[in-house]
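The structure under discussion appears below in the form of structure tokens.
The values are calculated or read from the model by the stated rules, or taken from the named source; none is laboratory data. Computed from a prediction, not measured in an experiment: that's the story for all the values here. Glycine also receives a Cβ, built like all others from the backbone with ideal geometry; neighbour counts cover every protein chain displayed. Side chains are part of the model used for accessible areas, which takes the heavy atoms of the whole protein and leaves out ligands, DNA and RNA. Shrake-Rupley method; radii C 1.70, N 1.55, O 1.52, S 1.80 Å.
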Amino acid sequence: MPNIPFSEVCRLFRVYIRALTGADIVINLSNDTFQSYPHPSPEAINLPEEIHEFANREDNFWLYKVYISHQLGYFLYDSFSLSHEDFFLSFPEPDLAARIFYLLEDGRVDNCLQREYQGLARDIRRFRQNRLATTVNREESWPETIEAMVWERLSNSSHHSRYTTLWESWFREVASRVTEPGAMVFDSVIGTLFLYTIISHIRQSLTWKNDLGGALPLSF
């Protein structure tokens, strides 16, 4: 599979980063800790050392562009106007809070980029369609199921969802709030507070039902 090492495209993307932000942002490269949709820190963006997801170099180059643009959106749209880590630590389960927050903030940032940059809008729509197709065709444990439900709503998917829950309107309300024009990072904060409570309740219900050997309170 034709991979693209970042070293081959480094100079081009450094110019791109400066053109979009007016700054030289540090780039951290790692394949060991890389996630499927990377998130930056206040000091740097994070990228894989190489990309080999697709069968041709053009698509692998495109994926680098999406990863970089997405993370630059965190700087362009003031995601770091609050400390992410301090916010996560205010929850009993910081990892769960982080997972929810980044899901919502990804949606907010990507929608901001789509509204402001027409070329990026096409790239992000393509990425979302690919990710959504991958997400809805796999078997998930309950955290991935919840994530897939919210991702569908953030993506404004037009296909019939296989996820139907008692909390459908709440998921849609949160997704609508963080993707509307003018949404700020604090809308993702509010959405995280709200969904954290719901998801914690879902997990408690699932555990309680499983312990009793009863039916789960969700219908997929």
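Remarks
- Using alpha carbons only, the radius of gyration of region 1-80 set against its Kirkwood radius gives Rg/Rh = 0.95.
- With the simple spin-label model, which puts each label point 7 Å out from Cα in the Cβ direction, the ALA55 to LEU29 separation comes to 2.8 nm.
- Nearest-0.05 FRET efficiency for GLU8 and GLU93, computed from C-beta distance (R0 35 Å): 0.30
- Projecting label points 7 angstrom from Cα along Cα→Cβ for ALA19 and HIS201 puts them 4.8 nm apart.
- Rolling a 1.4 angstrom probe over the protein heavy atoms with all chains in place gives region 26-132 an accessible area of 46 Å² per residue.
- Atom-type composition of the exposed protein surface of region 45-97 places 50 percent of the accessible area on carbon and sulfur (1.4 angstrom probe).
- The protection proxy used here, the mean number of other Cβ atoms lying within 10 Å of each residue, ranks peptides 42-50, 86-94 as follows, highest first: 42-50, 86-94.
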